[in-house]
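The values are calculated or read from the model by the stated rules, or taken from the named source; none is laboratory data. None of the values given here were measured: they were computed from a predicted structure. Please note: Cβ atoms are built from the backbone with ideal geometry, for glycine as well, and neighbour counts cover all protein chains shown.
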Amino acid sequence: MARMRTKRHIPERLERCKERWFENPLQNKGEWRKTCGFPEDVELWLEIGCGKGKFCTEMAKLNPDVLYIALERDTSVILAAIEKAHEQEIPNLFFLNVDANLLENYFAEDEIDRMFLNFSDPWSRRNKPKRRLTYRDFLVQYKKMLKNGGQIRMKTDNDILFDFSLEEFEFCGFELSELTRELQNSEYDKDNVRTEFEQKFIDQGIGIKRVVATNKK
Ligand SMILES: C[S@@+](CC[C@H](N)C(=O)[O-])C[C@H]1O[C@@H](n2cnc3c(N)ncnc32)[C@H](O)[C@@H]1O
């Protein structure tokens with residue numbers, strides 16, 4: 001019943017929050033700062049697979065000088081995130097309801113300063129590593145859009161995805177730092193904002209894996 005309620009009236013609910021998301025994001029490629037009303041020198045952070053938006057809303061509020069764009073392919077899920085940002089009137093947070101497979105259509109070379117991949121689908125049981133968002137074909141795209149020295153900050157509960165990602169990052173020439181397999185008990189937890197999934201995994205006693213991959217061009 002609760003599930004049905006969240007999916008009702010999606011077009012009307014999106015329409016109410018239309019200042020927070022983009023119907024035709026293709027036309028904003030290379031122009032995100034200008035389109036969102038920010039100066040050219042502000043940092044642009046992009047989160048892929050933002051889910052219901054706990055992380056992006058907190059991060060955008062903690063970093064008001066950053067332009068934060070959150071992307072999610074599932075409309076009924078991103079709706080919850082968009083409504084949060086709308087209700088809380090967060091001026092630096094915007095949303096794209098698109099698939100990360102098409103990222104290059106939306107962002108120009110060197111347009112992004114930082115990316116977040118939080119608890120991306122591991123694709124471990126179905127043995128389809130090419131679908132993982134840290135597969136080298138994705139990383140090659142991210143490298144182009146990220147500035148030199150830009151970062152990808154990744155968190156996951158999944159050891160297979162984490163080990164795979166570390167290898168892929170290194171293969172694609174990223175420099176790795178701040179690596180931990182127990183984020184909740186590490187020095188990096190102090191400034192960590194938890195996602196919805198992260199909190200569930202911590203409650204189950206699962207170690208959170210985390211790494212920062214820095215782009216070297
Ligand atoms: C396991 S959930 C994690 C959600 C949130 N990041 C968190 O940590 O609570 C993964 C999310 O990524 C989204 N996702 C998976 N693949 C995607 C893709 N190719 N493009 C955009 N979103 C994607 C899914 O729809 C889902 O909402």
Number of positions in the range 20-35 that are under 21 Å from R73 (Cβ atoms) and not in a helix (DSSP H, G or I)
6
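Is it the case that the range 78-88 has a residue that's in contact with an Asp or Glu (Cβ under 8 Å, 6 or more places away or on another chain) and part of a loop (DSSP other than H, G, I, E, B)? First the steps, then the outcome.
So the first thing to find is which residues in the range 78-88 are in contact with an Asp or Glu (Cβ under 8 Å, 6 or more places away or on another chain), and the list is 78, 81, 86.
This time we only want the ones that are part of a loop (DSSP other than H, G, I, E, B), so: none.
No: the range 78-88 contains no residue that is in contact with an Asp or Glu (Cβ under 8 Å, 6 or more places away or on another chain) and part of a loop (DSSP other than H, G, I, E, B).
Across the range 49-75, what is the number of residues that are part of a strand (DSSP E or B) and either farther than 21 Å from E111 by Cα or among the small types (G, A, S) (or both)?
Residues flagged as part of a strand (DSSP E or B) and either farther than 21 Å from E111 by Cα or among the small types (G, A, S) (or both) within the range 49-75 amount to 1.
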Single residue of G173, G205 found to be assigned to a loop (DSSP other than H, G, I, E, B) and either within 15 Å of the ligand (Cβ to nearest atom) or closer than 26 Å to M145 by Cα (or both):
G173
Keeping to the range 163-178, report how many residues are under 26 Å from E111 (Cα atoms), within 19 Å of the chain's Cα centre (by Cα) and surrounded by 16 or more Cβ atoms within 10 Å (Cβ to Cβ).
5
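Against the condition surrounded by fewer than 17 Cβ atoms within 10 Å (Cβ to Cβ) and not small (G, A, S), how does E109 come out, does it pass?
On the way: surrounded by fewer than 17 Cβ atoms within 10 Å (Cβ to Cβ): yes; not small (G, A, S): yes.
When the stated conditions are applied, E109 passes them.
From the list R132, R136, R153, exactly one residue is among the charged types (D, E, K, R), touching a Cys at 6+ places or on another chain (Cβ under 8 Å) and either within 14 Å of the ligand (Cβ to nearest atom) or closer than 26 Å to N101 by Cβ (or both). Which is it?
Numbers: R132 fails: touching a Cys at 6+ places or on another chain (Cβ under 8 Å); R153 fails: touching a Cys at 6+ places or on another chain (Cβ under 8 Å).
None of the others qualify; the one that does is R136.
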Being hydroxyl-bearing (S, T, Y), assigned to a helix (DSSP H, G or I) and within 18 Å of E43 (Cβ to Cβ) is the requirement here; does Y188 meet it?
no
Just need a number here: residues in the range 78-116 that are closer than 23 Å to M145 by Cβ, within 11 Å of the ligand (Cβ to nearest atom) and out of contact with any Pro (no Cβ under 7 Å at 6 or more places or on another chain).
9
Looking at (1) surrounded by 23 or more Cβ atoms within 10 Å (Cβ to Cβ); (2) modelled with pLDDT under 95, find the lone condition where L93 falls short.
(2)
Among the residues of the range 36-48 satisfying the criterion of being touching a residue at least 40 places away in the same chain (Cβ under 8 Å) and outside any strand (DSSP E or B), which is nearest to G149 (Cα to Cα)?
E43
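Tell me, please, whether a residue that is among the polar types (S, T, N, Q) and either assigned to a strand (DSSP E or B) or in contact (Cβ under 8 Å) with a residue 12 or more places away in the chain (or both) can be found in the range 136-148. Step through it out loud before you land on a result.
Taking the range 136-148 and keeping what is among the polar types (S, T, N, Q), we get 141, 148.
Right, trim to either assigned to a strand (DSSP E or B) or in contact (Cβ under 8 Å) with a residue 12 or more places away in the chain (or both) and you get 141, 148.
The answer is yes; a qualifying residue exists.
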